Amino acid sequence: MTQNWPLVGRRRELSLIDEALNSPTSQGLMLAGPIGTGRTRLAQEAVSLAKAMGAVTHVVHATSAAATFPFGAVAHLLPPASSSAVDPARLLHETVRHLVSNAGTHRIVLAVDDAHRLDEMSATLIHQLAATRSAFVVVSACTGTLVPEPIFSLWKDQLIARLDVPRLTRDETDELLTAALGGQVDGSTVHQLWKLTLGHPLFLRELVEGGLGSKVLQQSEEIWRWHGPVTASGRLVELIEARMGWLDRSEHMLMEMLSFGGDIGVEVLNHAGAGAQLAALERKGLVVSERLSRRVDVRLAHPLYGEVIRTQTPARRVRDVHRLLADVLAATPARRADDRPRIIGWRLEAGLATDVRSLLEAADRAIEARRYPLAQRLAQSAVERGGEFPALHQLGRALIGLGRYREAELVLAGIPTEDLAENIRAHLAATRATNLYWGLGQHSDAEAVLSDTEQAASQRSTSDEVATIRATFRLHQGDCAGGLAAVERILDRQEAGDGTILQALIARTQALSTMGRTNQAIATAERGLELERHVAHAASPWGHVQLEAGRCGAYAYAGRLGAAEALAHQGYQLSLDQDWEMARSLFATCLGHVNRMRGLLRSAQRWLREAAALETDENLFRPVILANLVMATAGTGDLPAAKAAQSAAERALLHSSRLYEAVAVIARTWVAAAAGETSRAVELALEAAELARSRGQAHFEIIALHDAVRLEEARTVVDALEHAGSVAEGILPPAYVAHGRAAADGDGAALDQVAETFIGIGANLLAAEAAAQAFRAYRAAGQAGKALAAATRARSWVQQCEGANTPALAVLDEPESLTPREAELARLAAAGLTSRAIAERLVISVRTVDNILHGVYTKLGIAGRRELPRSIGLIVSRVR
Ligand SMILES: Nc1ncnc2c1ncn2[C@@H]1O[C@H](COP(=O)(O)OP(=O)(O)OP(=O)(O)O)[C@@H](O)[C@H]1O
Ligand SMILES: [Mg+2]
């Protein structure tokens, strides 16, 4: 499979190669790059390019074995019956002549792979060929190695130019993996592979083959995903080992420390007396020092070095290295803030005695830094050493961070609470109830935990914390107004703690957004983010993400798609860097939603599939992820795929809160629409609107009513839409309302204007639908020219919508609009060509031309050819 990886990226490099091949002054190129960067492949592409240009091509593969005798690498190019016993100078001369005469009038292009391995005579031949302008040479060489002098001088004397082959970018890596595996690849898998390979295709190929072989790289729910940590396989290990070369004991030890310890301050290594080894390894290109503001850190030059060393180190040695790391860092006088938790972590790995207090302190920091696997190990050890409540609580939190909700519940439920202070008990209850509700979808159990705590509570602060969680639940049960009122009561009180206020602000953001009050939602989220900066992360581990996602949702609802997308991208990137699935799923959902609103239906599907694959059926957000996926899929008219997503959505809905019930009904609307059951679709849209209205979810109500407008049912819903729209904030709701009114009135000009508004917002699909409706309104009013212009615009917008195919667009395929043939003829006639001239150009009869043009006049409602330029001009000028 990997033999045939399609070429990805390299557009710049190929165009430079192409330019050089076509340049009369250029005699070649040197492709330079580190191991595995894709030099050989690029040289092959250069050869194909040269062949296509009619050149005679030769390929030379330099190897260490061939380099052991003169002319070894180019043996196949020597004239027949030649012998190395002859004078080498003569052989050189004869070979050049032989190649040139065989090529005749064609240009010779010679690709030389791994020029650093050429023997001197082969290198001299290549030099001769280029220097005498007998051949164009493409020479690949590994950076950091010595190339033979004749090749070096080609470049030094500027006979050939040097082209550095860059690593693949993250997006190119994604593209390559998608093509190689034949399907969408999970974002974190791409990210991890890219980080580990630094975009070197050779390493990528080895990792992928290893992953497929050991079945850790698997496809499920249409997404390829690497399960567990990414590890190097046998062949890759060999490759990397060869690159690292021989290391003496102390150099190897330093490599081990960096492999297990991560980046280490240069002062630590100097203090430990490893300065000389550091310098030696830097010279070999195996480690690098990097200045970060006031400090200098040392790290491995390639992450795969660490990977290989880790896989090869026996368990006992691993402990020794950790002990060494802990000792060395502890002995360094100048200490950094995060040294202590690092030392504790390393002591733990070394199997050394560690006291509970230190473990807990380190676990706390690890949770702050969202390093949940480390936090879990630290907390687990604290528990094993008799850490009791705080240790168990931290273990529970670390497990939640890892997405191991069920284990977290077992740990949290087992904590004896009798001796705990009341506020601590309340905090524990809040953690547990939140996990039960969000992680496990066990709503009544979550409520029960809160009630028990509330009954035992005597302090106001306890009931505040519990009341906030409860208000959030209430909101998610679909009682927006009730949830919001409860939250406002808490926010009005001065005494509530910061953690509680933060939770309340998160809930308020969500409630206001759903109610369509997006300006206030955004302001609330911003207030929360400001507060969040001062609150310990451990008090609200999800706070930041929830607020950012809430802000993103509000921007999108309001119609500020660019702002929403920027926030979602930022959040997604953060989630990748921190390998934080819960956040990734949330932001991938945001990106899916925004892309769908933009009409980018396939991109939306990709994001939403990625999000869905990260969530279990119990997760509260799964129904809304799948509902969006259903809508994006149904929007392309792909009924089977939409139905499949729909049944998954219905399954997930069984476990979910009722917050998104209306959205699920909207999703059903679009499946019915894709099935051509338009009246059923309208019924469902009205049902969704009613459901949302009864729950005070004005935003969902507006969306559902507007969907009815999109399904040509504007007259029925326009009053309700105007009413619901009057409370909503932002630029999008007024556009929905205007759309409803214009469609209900059948007012072409107003629909045109709505389409413009949608385009301004970036909602291309809605714009295309409104323009299609304008087309129909104009046509009904007999304004054929305007109708045609509207249809043309609608079509051009649909083209940007990645396969959109919704009922409102169907009108564009009706025969009253100009067919491509008619449009072509009309344009020619408008440009002044006679029927005969058109007939000659299109190789049809004059009579056919006249017949077609007659049809065009009828459709446009014009009298004849003289009016054509105006109508056509109108069409052309309105096309974007
Ligand atoms: N741009 C690319 N698109 C797709 N596949 C690529 C690309 N570049 C390289 N590959 C593939 O990655 C693998 C390794 O590339 P290649 O052999 O060209 O690397 P190299 O730099 O020559 O490695 P070495 O340092 O070992 O000589 C090959 O299977 C190659 O086809
Ligand atoms: Mg190569």
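The values are calculated or read from the model by the stated rules, or taken from the named source; none is laboratory data. Everything quoted here is computed from the prediction, not taken from an experiment. As a convention, Cβ positions derive from the backbone with ideal geometry for all residues, glycine included, and neighbour counts pool all protein chains shown. We work out accessible area using only protein heavy atoms, side chains counted, and drop any ligands, DNA or RNA first. Shrake-Rupley method; radii C 1.70, N 1.55, O 1.52, S 1.80 Å.
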Open item on the list: Taking a ≥ b ≥ c as the square roots of the Cα gyration tensor eigenvalues, with a/c under 1.5 meaning rounded and otherwise prolate when a/b beats b/c, else oblate, which class fits the range 483-546?
Closed with: oblate
Open item on the list: Once you order the gyration tensor axes a ≥ b ≥ c over the Cα atoms, which shape class does the range 1-144 get: rounded for a/c under 1.5, otherwise prolate or oblate by comparing a/b with b/c?
Closed with: oblate
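Taking the Kirkwood radius as the inverse of the mean 1/r across Cα pairs, report the Rg/Rh of the range 598-813. Show your work: numbers first, answer last.
On the way: Rg = 16.7 Å, Rh = 17.2 Å.
Answer for the range 598-813: 0.97.
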Open item on the list: Just want the answer: with Cβ charges of +1 for Lys and Arg and -1 for Asp and Glu, which residue in 53, 444, 182 is farthest toward the dipole's positive end in the chain?
Closed with: 53
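Can you give me the relative contact order of the chain as a percent, contacts being Cα pairs under 8 Å and 6 or more apart? Let's see the in-between values first.
Working: 1419 pairs, mean separation 53.3, N = 880.
Once normalised by length, the contact order is 6 percent.
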- [ ] Work out the P(r) tail for the range 323-381: percent of alpha carbon pairs separated by more than 12 Å, whole number.
- [x] 62 percent
Open item on the list: Cβ neighbours within 10 Å, averaged per peptide: list 562-575, 403-416, 732-745 in order, most packed at the top.
Closed with: 732-745, 562-575, 403-416
Task: Overall Cα dimensions of the chain - principal axes, largest extent first, Å - done: 98, 98, 43
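In terms of the ratio Rg/(2.2 N^0.38 Å) built on C-alpha atoms, what value belongs to the range 415-464? All intermediate terms of the calculation are to be shown ahead of the outcome.
Numbers: Rg = 10.6 Å, N = 50, 2.2 N^0.38 = 9.7 Å.
Compared with the compact-globule rule of thumb, the range 415-464 sits at 1.09.
Measure off, as a whole percent, the carbon and sulfur share of the 1.4 Å-probe accessible area of the range 1-106, all protein chains present.
Numbers: 3160 of 5550 Å².
That fraction is 57 percent.
Using packing as a proxy for protection, rank 752-760, 101-109 so that the peptide with the highest average count of other Cβ atoms within 10 Å comes first.
Going from most to least packed, we get 752-760, 101-109.
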Open item on the list: So if each residue of separation counts as 0.36 nm, and I subtract the Cα-Cα distance between residue 680 and residue 246, what length gain in nm does that give?
Closed with: 148.9 nm
TODO: Report, for the chain, the % of DSSP beta bridges that are antiparallel, rounded to 5.
DONE: 35 percent
- [ ] May I ask you to list the lysines whose Cα is less than 24 Å away from that of residue 859, ignoring any residue fewer than eight positions away on the same chain?
- [x] 786
Open item on the list: Residues of the range 130-170 with the amide nitrogen closer than 19 Å to a label point 7 Å from the Cα of residue 93, along Cα-to-Cβ, please.
Closed with: 130-135
- [ ] Calculate, axis by axis, the spread of Cα positions in the range 170-231 along the three principal axes, and write the results as whole Å, longest axis first.
- [x] 27, 21, 17
Task: Inter-label distance for residue 59 and residue 865, nm, one decimal - labels placed 7 Å from Cα along Cα-to-Cβ - done: 6.0 nm
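Once you order the gyration tensor axes a ≥ b ≥ c over the Cα atoms, which shape class does the range 1-82 get: rounded for a/c under 1.5, otherwise prolate or oblate by comparing a/b with b/c?
Numbers: a/c = 1.91, a/b = 1.33, b/c = 1.43.
It comes out oblate by the Cα gyration axes.
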- [ ] Compute the separation of the alpha-carbon centres of the range 154-198 and the range 119-150 and state it in Å as a whole number.
- [x] 26 Å
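Once neighbouring chains are kept in place and the probe is 1.4 Å, which whole percent of the accessible area of the range 253-371 is contributed by carbon and sulfur?
On the way: 2800 of 5610 Å².
It is 50 percent, rounded to a whole number.
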Open item on the list: What's the ranking of 17-25, 32-40 by average number of surrounding C-beta atoms within 10 Å, highest first?
Closed with: 32-40, 17-25
Task: Total formal charge among the other residues, if their Cβ is under 12 angstrom from that of residue 44, Lys/Arg +1 and Asp/Glu -1 - done: +2
- [ ] Could you please state, rounded to a whole Å, how far the C-alpha centre of the range 9-76 is from the C-alpha centre of the range 336-350?
- [x] 50 Å
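Using helices alone, what [θ] at 222 nm do you get for the chain, with -39,500 (n - 2.57) per DSSP H run of 4 or more residues, divided over all residues and rounded to the nearest 500?
Working: 43 runs with 567 residues, N = 880.
About -20500 deg cm²/dmol.
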Task: Estimated dipole of the chain in Debye, rounded to 20 [Cβ of Lys and Arg +1, of Asp and Glu -1, Cα centre] - done: 2080 debye
Open item on the list: Please report the carbon-and-sulfur percent of the accessible area for the range 598-813; probe 1.4 Å, protein heavy atoms only, DNA, RNA and ligands left out.
Closed with: 50 percent
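Measuring with a 1.4 Å probe in the full set of protein chains, what accessible area per residue, in whole Å², belongs to the chain?
On the way: 37470 Å² over 880 residues.
Spelled out: the 1.4 Å probe surface of the chain, per residue, equals 43 Å².
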Task: Largest-first ellipsoid semi-axes for the range 567-633, taking √(5λ) over the Cα gyration tensor eigenvalues, angstrom - done: 18, 15, 8
Open item on the list: Between residue 280 and residue 153, what is 0.36 nm times their sequence separation minus the Cα-Cα distance? Round to one decimal in nm.
Closed with: 42.9 nm
- [ ] Quick one, can you get me the convex hull of the C-alpha atoms of the range 245-332 expressed as volume per residue in Å³?
- [x] 89 Å³
